[in-house]
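J.: First the structure, which I've put down as structure tokens, then a few questions once you've had a look.
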Amino acid sequence: MTAAAPALLADPRAAQRAAREILAESRFHQPDVPRPLHGALVAIGKFLEAPLSAIERLAGGLATVFPGGIAGVWVAFAVALAALTLTLARRRARAGLRGQAEAPGGGALEHAAELERAALAAEREGRLEDAVRLRFRAGLASLSERATIPPARTTPTREVARRLRSARFDALAARFDEIAYGHAAATATDVESARRDWPQIVDAARRP
């Protein structure tokens, strides 16, 4: 105990001042730690906060006139988001289908025979989804080559169905949509149905 200790014990206020002075020394304080990402994180937070706040304000405004109030507004937003996601998925599937129809040399497969060979190769390799998609394109290409339908790439499936009036085609087209756009898993039955029914569809379309 130092010589000043008795005086500190006798004067509590002096003891408090001495304690504050000691705690104020630099050895009791850590230097500021650099935070190089702090500014960037704050900026990102503000950037994300603005659109979210705008959506909340929009939802609050619509809730006054929308059936179901705020809950109905959020349900409508969820439905719209799901529809947008489905649309984007279909576009992505179409783009993927065009990519799968590329010849090994880089050129697009336009002829039914080439597409059919690619479908057979996919089937042998166990790529059932690719086999169904390529054989569907091969069938449309066959119809186009026989002038039954306009060029396959520019003709919607529903227009082909209207021209053919074929229950077989309708069934294959519905299953194709489920696989290509709905991400359903293709089965060996799907591959067999496409291989069996497409020649009959094309043959029936050739008849007067």
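J.: Yes or no: Glu145 within 20 Å of Ala118 (Cβ to Cβ), loosely packed, with under 15 Cβ neighbours inside 10 Å and at pLDDT 85 or above?
T.: On the way: within 20 Å of Ala118 (Cβ to Cβ): yes; loosely packed, with under 15 Cβ neighbours inside 10 Å: no; at pLDDT 85 or above: yes.
No, not satisfied.
J.: What tally of residues in the stretch 172-193 results from selecting those that are under 25 Å from Thr85 (Cα atoms) and part of a helix (DSSP H, G or I)?
T.: 9
J.: Let me ask another. For the stretch 176-208, which positions are within 26 Å of the chain's Cα centre (by Cα), of a type in the set (D, E, K, R) and more than 19 Å from Leu120 (Cβ to Cβ)?
T.: Asp177, Glu178
J.: Go through (1) out of contact with any Leu (no Cβ under 9 Å at 6 or more places or on another chain); (2) exposed (fewer than 15 other Cβ atoms within 10 Å of the Cβ); (3) at negative phi one by one and return the number of the condition Ala204 breaks.
T.: (1)
J.: Please verify whether the stretch 174-190 includes one or more residues that are free of Cβ contacts under 8 Å to residues at least 40 places away in the same chain, under 19 Å from Glu145 (Cα atoms) and surrounded by fewer than 19 Cβ atoms within 10 Å (Cβ to Cβ). Walk me through it before giving the result.
T.: The initial filter retains those residues of the stretch 174-190 that are free of Cβ contacts under 8 Å to residues at least 40 places away in the same chain, namely 174, 177-178, 182, 184, 189.
Still in the running and under 19 Å from Glu145 (Cα atoms): none.
Checked against the condition, which is being free of Cβ contacts under 8 Å to residues at least 40 places away in the same chain, under 19 Å from Glu145 (Cα atoms) and surrounded by fewer than 19 Cβ atoms within 10 Å (Cβ to Cβ), the stretch 174-190 yields no hits at all.
J.: Would you pick out the residues in the stretch 127-152 that are over 15 Å from Trp198 (Cβ atoms) and either more than 25 Å from the chain's Cα centre (by Cα) or in contact (Cβ under 8 Å) with a residue 24 or more places away in the chain (or both)?
T.: First, the residues of the stretch 127-152 that are over 15 Å from Trp198 (Cβ atoms): 127-130, 147, 150-151.
Residues satisfying the conditions are Leu128, Glu129, Asp130, Ala147, Pro150, Pro151.
J.: Which ones in the stretch 138-162 are in contact with a helix residue (DSSP H, G or I) (Cβ under 8 Å, 6 or more places away or on another chain) and part of a helix (DSSP H, G or I)? Don't jump to the end; show me each part of the working.
T.: The first filter runs over the stretch 138-162 and keeps only residues in contact with a helix residue (DSSP H, G or I) (Cβ under 8 Å, 6 or more places away or on another chain), leaving 138-146, 148-152, 155, 157, 160-161.
Within the stretch 138-162, Ala138, Gly139, Leu140, Ala141, Ser142, Leu143, Ser144, Glu145, Ala152, Thr157, Val160, Ala161 meet the criteria.
J.: Taking the stated definitions as given, is Arg168 at pLDDT 90 or above and either of a type in the set (Ser, Thr, Tyr) or in a helix (DSSP H, G or I) (or both)? It would help to see each step written out before you state the result.
T.: Values: at pLDDT 90 or above: yes; either of a type in the set (Ser, Thr, Tyr) or in a helix (DSSP H, G or I) (or both): yes.
Here the answer is yes, as Arg168 does meet what is asked.
The values are calculated or read from the model by the stated rules, or taken from the named source; none is laboratory data. Model, not experiment: these values are computed from the prediction. Here Cβ is always computed from backbone atoms with ideal geometry, including for glycine, and neighbour counts include all displayed protein chains.
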